[in-house]
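This report refers to the structure that appears directly beneath it.
Values quoted throughout were computed directly from the atomic coordinates according to the rules given, and no laboratory measurement underlies them. Since we're looking at a predicted model, the values are computed, not measured. Backbone-built Cβ (ideal geometry, glycine too); neighbour counts: all protein chains shown.
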Amino acid sequence: MSSQVKPQILFRRDEIEATVKRLAAEIREDYHGKYPLLIGVLKGSFMFMADLIRLLDFPLEVDFIQVSSYGRGRLSSGRVRVVQGLHSEVRGRDVLVVEDIVDTGLTTSFLLDYLRKKKPASLRLCTLTDKPSRRQVSVSIDYLGFTVPDRFLVGYGLDWNQKFRNLPDICVLEDEEPGVV
Ligand code: IMP
């Protein structure tokens, strides 16, 4: 991809806000009174997590985990590992994983298996975006923000080579050619 990439808005900040509100309402309904542990997947989920938890008006804990995903390209190696682990005890907790995107599903599926082995009381997945057209392994999503086309997304925490995370809207890169970003 050239360095002249121009992000174009796919979902405006007000649409994101409305979607995060809807997700918070769904989560509130299911977790009120349960004291869940929300686990954000770094780095992409940090902005979504920050907005989401401000709308959850009950006691909860937050932790973050970082797993390897894409390097500098778009193709997933299929190899996933934990780069930065959790600080919280997962056993017996109601765990809600907060993702930015489920693409091939390899990362999320690895992560859910990793957490399941730690014997949480329950384990659910909330993702802001889902790109089902690229799925390689099936992933069950409990709370879904947006279903997105097969385009490379940036903004609202999502990056391309660590850039564009700070954009307040979810965007696609203008001169994208599938498979070469
Ligand atoms: P998966 O293992 O293919 O599902 O990919 C998961 C990870 O890849 C996400 O957590 C993101 O870090 C990254 N990723 C996948 N698609 C995109 C995208 O469109 N924009 C930015 N990052 C992406």
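Two-decimal Rg/Rh of segment 42-144 from alpha-carbon positions, Kirkwood Rh?
Result for segment 42-144 is an Rg/Rh of 0.94.
Which lysines, if any, have their Cα less than 23 Å from the Cα of Lys163, not counting same-chain residues under 8 positions apart?
Once the sequence-local lysines are set aside, what remains near Lys163 is Lys6, Lys43, Lys131.
Tell me what the chain gives for mean residue ellipticity at 222 nm when only DSSP H runs of n ≥ 4 count, each as -39,500 (n - 2.57), the sum divided by the residue total, rounded to 500 deg cm²/dmol.
My calculation for the chain gives -6500 deg cm²/dmol from helical runs alone.
Suppose every K and R has +1 on its Cβ and every D and E has -1 on its Cβ; what is the size of the dipole of the chain about the Cα centre, in Debye to the nearest 20?
That gives a dipole near 620 debye.
For segment 50-69 and segment 82-142, what is the separation of their Cα centres, given in Å?
Here the answer is 13 Å between Cα centres.
Against the globular-protein guess of 2.2 N^0.38 Å, express the Cα radius of gyration of the chain as a ratio, rounded to two decimals.
This ratio for the chain stands at 1.00.
Say the dipole of the chain comes from +1 at the beta carbon of Lys and Arg and -1 at that of Asp and Glu; which of Leu125, Val137, Leu55 then lies farthest toward its positive end?
Ranked along the dipole, the leading option is Val137.
Between Leu60 and Glu15, what is the label-point separation in nm under the 7 Å Cα-to-beta-carbon projection?
About 2.4 nm, to one decimal.
Past the 13 angstrom mark, what percentage of all C-alpha to C-alpha distances in segment 4-55 do you count?
67
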